[in-house]
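Undergrad: This structure is in structure tokens; I'll ask about it shortly.
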Amino acid sequence: MSAAADIPQRSPMPGLGRARGAVNALLGIGLLLVLWWIGGEMIARNDDLFAFASFAPAPTLSRLAELVASGAVIDMSLPSLYRVGMGLALAAAIGVPVGIAIGRIAILREITNVPFQFLRMISPLSWMPIAVMAYDTWDGAIIFLIFVAAVWPILFATAAGLRRIDPAWLKVARNLGANPFHMLFVVILPAISVDILTGIRLALGVAWVVLVPAEYLGVTSGLGYAINDARDTLDYASLGATVVIIGVIGFFLDFTLMMAIKKFNWVRSDA
Amino acid sequence: MKVEPINRTDTGPGNAPAPSARSNGAHVAVRGLTHTYRRSDGPVLSDISFSVEPGEIVALLGRSGCGKSTLLHMVSGLSMPSSGEVLMNGNSVRAPSPRWVMMFQAPSLYPWMSVAQNAALGLRFTQRRYEIATRVPEVLDLVDLGGFADRNAQELSGGQQQRVALARSLAPKPEVLLLDEPFSALDAFTRRNLQQDVRKIARGLGLTLMIVTHDVGEAVRMADRVLVLDANPGRIASDIPISLSDADRNGGNDAFQREHTRLMQTYSDIAQVPGTQA
């Protein structure tokens, strides 16, 4: 291999860049598997820890294959996806309008700034006892916790997006006879769609993290419950498989939003 | 002196002048307009009155800070004067409208939309979507961007973007077009082309055109009549007709130079600009 091949340079064939990205991604996955395998070996050889040896790749992945084949993956994921979806939808339904209001109206922004920053810093899980008392159903309590975790990134991203809107865009719209409905749906929302989606992407990250401990609550379904259940039954292969499932679903949800952001992003970097 | 008698197709109420043929433009009257931003400061505009005939092209010439842009905003209804009023065909202007539309220094196209979608905005906002399919290609052709309908606004040059802004302004068929130094950010060559084209288009459509500028050359190239503004407070110091044929307006001839020198002298006296450089 010549030295020149090692120097990163702009490829004359753009396809090569993408191929290299895929190779490197596979390399990263392989590296993670190797570290996992080493960790498993170390646990198996340790006299104090060998009972947890099913965390290793081989038992975990074979259990994962069983879970996928039997359709159990779907059964344990769907309730979790439902809760996260509802929590995120509620967070967007509240966070986007409030974000637009505080982005547009200076006095509202000044009044809400301290309370919102204060509330934002409280761990969503701190609300757990209140949520349990306030809601009749476990589902309700979990959705509330996810909402509390997800609303802040969406709200602040929306408000920040609004403040970057060129005032001239609004003047042009007013000049051409736009009513407030047009202002919102033709100018403001398209202009900040990427900011909103970025907020939702951040919110999803937090929500997915909060989901598992929230599902340690009384529910008998979902990925968090599966983790708790596997721990109680000392089924460490299932526990490992569930961890993998949580990671894979989270990755793909995030990936989907990243693609949506790419699609809605109207900034042309080449322009 | 007006270049030619221009007439209105509609008969407006009130004190509008007599109607005549061939113009789609509105009669604009500014009556005793005074504006003060803060009570502690003096007025930026003081007792301004003038009329613009339908189809006439009038330049408001003045130095930065003389309030000429503020005046144009008030004609457009985007802001309201402290006292006095603006009449379009005799009716008081109380709000912006696509019937008297303003073009700004920056094109401010919506970067998430195509050229055609940007040009269609005025029709979309005024519940005239059914006109979009025929009207948008028409105005894009008018500004020489017929082949650009599906391009993204961000892919265009500054001059092309300002042409899209012009198409966007023209699509709702305005009666008055108000230009607030819309060419000042463009290079000299692009600016000349647009000055000529805007004048040609406005004449062709019979629009009433008001241009705010600090550029004497632009005023001579485009306007039938120039109102020179004095500053602090802004008021009309001189009303100068420009009698040039369309061919002579491109510059590089004696007639153009004569008008340019004449206007430059008046402007220098009023604005106290040292020398007579363009």
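Undergrad: Which ones in segment B:164-193 are surrounded by fewer than 22 Cβ atoms within 10 Å (Cβ to Cβ), out of contact with any helix residue (DSSP H, G or I) (no Cβ under 6 Å at 6 or more places or on another chain) and away from chain A (no Cβ under 13 Å)?
TA: Within segment B:164-193, B:181, B:184, B:187, B:188, B:189, B:191, B:192, B:193 meet the criteria.
Undergrad: Among the residues of segment A:234-242, is any under 14 Å from the mean Cα position of the chain (by Cα) and farther than 21 Å from residue A:142 by Cα?
TA: Among the residues of segment A:234-242, not one is under 14 Å from the mean Cα position of the chain (by Cα) and farther than 21 Å from residue A:142 by Cα, which makes the answer no.
Undergrad: Among the residues in segment A:169-176, are any open to solvent by 40 Å² or more (accessible area, probe 1.4 Å), facing another protein chain (nearest Cβ under 9 Å) and assigned to a helix (DSSP H, G or I)?
TA: Checked segment A:169-176: at least one residue is open to solvent by 40 Å² or more (accessible area, probe 1.4 Å), facing another protein chain (nearest Cβ under 9 Å) and assigned to a helix (DSSP H, G or I).
Undergrad: Which numbered condition trips up residue A:217, out of (1) of a type in the set (A, V, I, L, M, F, W, C); (2) in contact with a helix residue (DSSP H, G or I) (Cβ under 6 Å, 6 or more places away or on another chain); (3) outside any loop (DSSP other than H, G, I, E, B)?
TA: That leaves (3) as the condition not met.
Undergrad: Tell me yes or no: at least one residue of segment A:199-210 is more than 21 Å from residue A:264 (Cβ to Cβ), of a type in the set (A, V, I, L, M, F, W, C) and within 11 Å of chain B (Cβ to nearest Cβ).
TA: No, because not a single residue in segment A:199-210 is more than 21 Å from residue A:264 (Cβ to Cβ), of a type in the set (A, V, I, L, M, F, W, C) and within 11 Å of chain B (Cβ to nearest Cβ).
Undergrad: Restricting the first residue to segment A:206-235 and requiring it to be at positive phi, which pairs with a second residue that is not in a helix (DSSP H, G or I) meet a Cβ separation below 8 Å and a spacing of at least six or different chains?
TA: A:222/A:215
Undergrad: Then there is this: Could you list all residues from segment B:73-95 that are within 13 Å of another protein chain (Cβ to nearest Cβ) and more than 18 Å from residue B:37 (Cα to Cα)?
TA: Hits for segment B:73-95 are B:93, B:95.
Undergrad: Suppose we filter segment B:171-201 for residues that are part of a helix (DSSP H, G or I) and free of Cβ contacts under 8 Å to residues at least 60 places away in the same chain; how many remain?
TA: Number of matching residues: 13.
Undergrad: A follow-up question, please. Criterion first (more than 15 Å from residue A:202 (Cβ to Cβ) and either touching a helix residue (DSSP H, G or I) at 6+ places or on another chain (Cβ under 7 Å) or buried (at least 23 other Cβ atoms within 10 Å of the Cβ) (or both)) does residue A:100 satisfy it?
TA: Criteria met by residue A:100.
Undergrad: From the set of residues in segment A:117-129 that are aliphatic (A, V, I, L, M) and in a helix (DSSP H, G or I), which is surrounded by the most Cβ atoms within 10 Å (Cβ to Cβ)?
TA: A:128
Undergrad: Looking at A:132, A:114, A:151, can you tell me which residue is more than 14 Å from every other protein chain (Cβ to nearest Cβ), open to solvent by 60 Å² or more (accessible area, probe 1.4 Å) and either more than 30 Å from residue B:166 (Cβ to Cβ) or over 24 Å from the mean Cα position of the chain (by Cα) (or both)?
TA: A:114
Undergrad: While we're on this one: Taking helices (runs of 4 or more DSSP H) that fall entirely within segment B:53-131, which contain at least 3 residues that are crowded, with 22+ Cβ neighbours inside 10 Å and in contact with a Ser or Thr (Cβ under 6 Å, 6 or more places away or on another chain)?
TA: none
Undergrad: Right, here's the next one. Considering only segment B:137-159, state which residues are open to solvent by 10 Å² or more (accessible area, probe 1.4 Å), in a helix (DSSP H, G or I) and closer than 15 Å to residue B:113 by Cα.
TA: B:148, B:154, B:155 - these are the residues of segment B:137-159 that are open to solvent by 10 Å² or more (accessible area, probe 1.4 Å), in a helix (DSSP H, G or I) and closer than 15 Å to residue B:113 by Cα.
Undergrad: Can you find a residue that is touching a strand residue (DSSP E or B) at 6+ places or on another chain (Cβ under 9 Å), modelled with pLDDT of 85 or more and assigned to a loop (DSSP other than H, G, I, E, B) anywhere in segment B:32-51?
TA: yes
The values are calculated or read from the model by the stated rules, or taken from the named source; none is laboratory data. Everything numeric in this text was worked out from a predicted model, so none of it was measured. Using ideal geometry, Cβ is built from the backbone for each residue, glycine included, and neighbour counts are taken over all protein chains shown. When the accessible area is computed, the model is the full protein with side chains, heavy atoms only, and any ligands, DNA or RNA have been set aside. Shrake-Rupley method; radii C 1.70, N 1.55, O 1.52, S 1.80 Å.
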